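Written below as C-alpha cells is the structure these notes are about.
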Amino acid sequence: LVIGIDPSLTSTGIAGADWADALRPAKDMTGHHRFGWLRGEVIDRTRAADLVVIEGPAYGQQLQAGHHERAGLWWAITHALWARDIPYAVATPHSRAIYATGRANPAQHEPRARRARITKGMVHTFAVEQLGVGCEGPGRYDMADAAVMAAMGLDWIGHPTVPVPQQQRRALDGIT
C-alpha cells in the first residue's frame, strides 16, 4: 500500500493508487487544534501503508507567508510516520510536475502570474485522465498532487500504475 501526501494547512491531499481525498479542516480550527486534526487524519489513513511519498518543500517559495507552519506540519507528519516505522520518501514539487508532464516547469512560456495555476491544471489532468483517480471538488489540485505522489511511489518500487515515458520517469531520480 503506497500513499501520497501533499501537506497543506488548508487542504492536505492524500491518495492511493485509485482514490484521493482532501483533508480540509474547519475554517475556525486554528493553531495546535488544526495541526493535531491533520496529523491525526494522516495517521489514521496511513496506518497500513508500506510506503508514503510526501511532497517536500518548494525551496523557491520558502519565504512565502505560512512557510513555517507548513514546514511544521510536514515535520509532524513525517515524525509520526517515522515513529510508527512507516517508510516515507520525499518528492519535490518539480519531480511531481516532471512525472505528470515530462517537464519541471511545463508552463514556463506562460505569464509568470499564471504558471503555477496552469501547471496545477496539467497535473490534475494527468491524475484524472491517465491515472484514473477522481479528483474533483474543493481540494482537487491537492488530491491530484497526492495521486501523482502515490503513482510515483508505486513506480519507484517497481509497480507502476500506468506506463509513463522515460522523460517522465526521470522524476523518480529526485525521490529521496
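FYI, it's all coordinate maths here, none of it is from the lab. This structure is a prediction, so every number in the text was calculated from the model and none was measured. Neighbour counts run over all protein chains shown; Cβ positions are idealised from the backbone, glycine included.
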Quiz prompt | Antiparallel content of DSSP bridges confined to the chain, in %, to 5 | solution = 45
Quiz item: Which of the trypsin sites (Lys or Arg not before Pro) across the range 2-51 are loop residues per DSSP, with 16 or fewer other Cβ within 10 Å?
Solution: 27, 47
Self-check item: Dipole moment magnitude, nearest 20 debye, the chain about Cα centre, only Lys, Arg, Asp, Glu C-beta charged
Solution: 520
Quiz prompt | Net charge over other residues, Cβ less than 13 angstrom from the Cβ of residue 53 (K, R count +1; D, E count -1) | solution = -4
Quiz prompt | Cleavage-rule hits (trypsin sites (Lys or Arg not before Pro)) in the range 80-175: DSSP loop, at most 13 neighbouring Cβ within 10 angstrom | solution = 84
Quiz item: If you bin the C-alpha pair distances of the chain every 10 Å from 0, what whole percents do you get?
Solution: 11, 41, 37, 11, 0
Quiz prompt | Relative contact order of the range 2-174, pairs being alpha-carbon contacts under 8 Å that are 6 or more residues apart, as % | solution = 33
